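Structure first, then comments.
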Amino acid sequence: MPEVACTVSNCKYYKQGNFCTADQIIVQNDAQGGGFGPNAQLSNLAATPANSNDDTCCQTFKNANG
Ligand code: SF4
């Protein structure tokens, strides 16, 4: 996986120095993101085009504090 830089420091996958340690991340657009069940085939998720980088978000985020 390519190195992913991330500044979301309260995510359980965040590592000091602004690195993501997750094996896989899912990025969707804000409008339609997160619309998949826990056993979804991630490779088959529908495309969710975005108009700008402000319209995208990481769906893999998990709060490190529960
Ligand atoms: S899973 Fe997403 S939010 Fe969490 S560290 Fe990785 S890129 Fe950032």
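The values are calculated or read from the model by the stated rules, or taken from the named source; none is laboratory data. Here the structure is a predicted model, which is why all the values come from computation and not from measurement. Ideal geometry is used to build each Cβ from the backbone, glycine not excepted, and the neighbour counts take in all protein chains shown.
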| query | When segment 1-22 is examined, which residues are found to be loosely packed, with under 10 Cβ neighbours inside 10 Å, under 24 Å from Gly66 (Cα atoms), touching a Phe, Trp or Tyr at 6+ places or on another chain (Cβ under 9 Å) and not polar (S, T, N, Q)? | reply | Ala5
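Just a yes or no: is a residue in segment 16-36 among the small types (Gly, Ala, Ser) and modelled with pLDDT of 95 or more?
In the first step, residues of segment 16-36 are kept if they are among the small types (Gly, Ala, Ser); the result is 17, 22, 31, 33-35.
Still in the running and modelled with pLDDT of 95 or more: 17, 22.
Yes, that holds for at least one residue.
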| Residue tally, condition out of contact with any Gly (no Cβ under 7 Å at 6 or more places or on another chain), within 13 Å of the ligand (Cβ to nearest atom) and either more than 20 Å from Ser9 (Cα to Cα) or assigned to a loop (DSSP other than H, G, I, E, B) (or both), over segment 43-64 | 4
| message | Can you find a residue that is under 11 Å from the mean Cα position of the chain (by Cα), outside any strand (DSSP E or B) and among the aliphatic types (A, V, I, L, M) anywhere in segment 26-42? | response | yes
| query | Of the residues Thr21, Thr60, which single one is without any contact (Cβ under 8 Å) to a residue 12 or more places away in the chain and within 13 Å of the chain's Cα centre (by Cα)? | reply | Thr21
| query | Name the pairs: first residue in segment 1-14 and modelled with pLDDT of 95 or more and assigned to a loop (DSSP other than H, G, I, E, B), second residue of a type in the set (A, V, I, L, M, F, W, C) and surrounded by 10 or more Cβ atoms within 10 Å (Cβ to Cβ), Cβ to Cβ under 6 Å, at least 6 apart or on different chains? | reply | Val4/Cys20; Cys6/Cys20; Asn10/Ala64; Lys12/Ala64; Tyr13/Cys20; Tyr13/Ala22
